[in-house]
Amino acid sequence: MDTKLTIRDVPAHTRDILAARAKRKRQSLSRYVADILDKEAQTPSMDEALDRIAARRRLSGGSELGIEALRELRDSS
């Protein structure tokens, strides 16, 4: 389900650049910015990526460590 989002205090030159880019892609400014935000949300942050790496390392550390790591992942969801 889509939701509305208001962004305030965007500098005029930033808005103009984004509007020009949206126009070149034949998109509304709203759709263009929503696509940027969607792509950003789907890309893991550095902290999220490091957490995943740490979880994988715990999984490969032996069966007891692996079981505990799986429990932590399950319980954090």
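Every number here is computed from the coordinates shown, using simple stated rules; none is lab data. A quick note: this is a predicted structure, and the numbers were derived from the prediction, not measured.
Of the labelled figures (i) 1.15; (ii) 1.10; (iii) 1.75, only one reflects Cα Rg over 2.2 N^0.38 Å as derived from the coordinates, namely (iii). Computed from Cα atoms, the angle from the helix 46-59 axis to the main principal axis of the chain rounds to 20 degrees.
Residue separation of residue 23 and residue 55 scaled by 0.36 nm, minus their Cα-Cα distance, works out to 7.2 nm of gained length.
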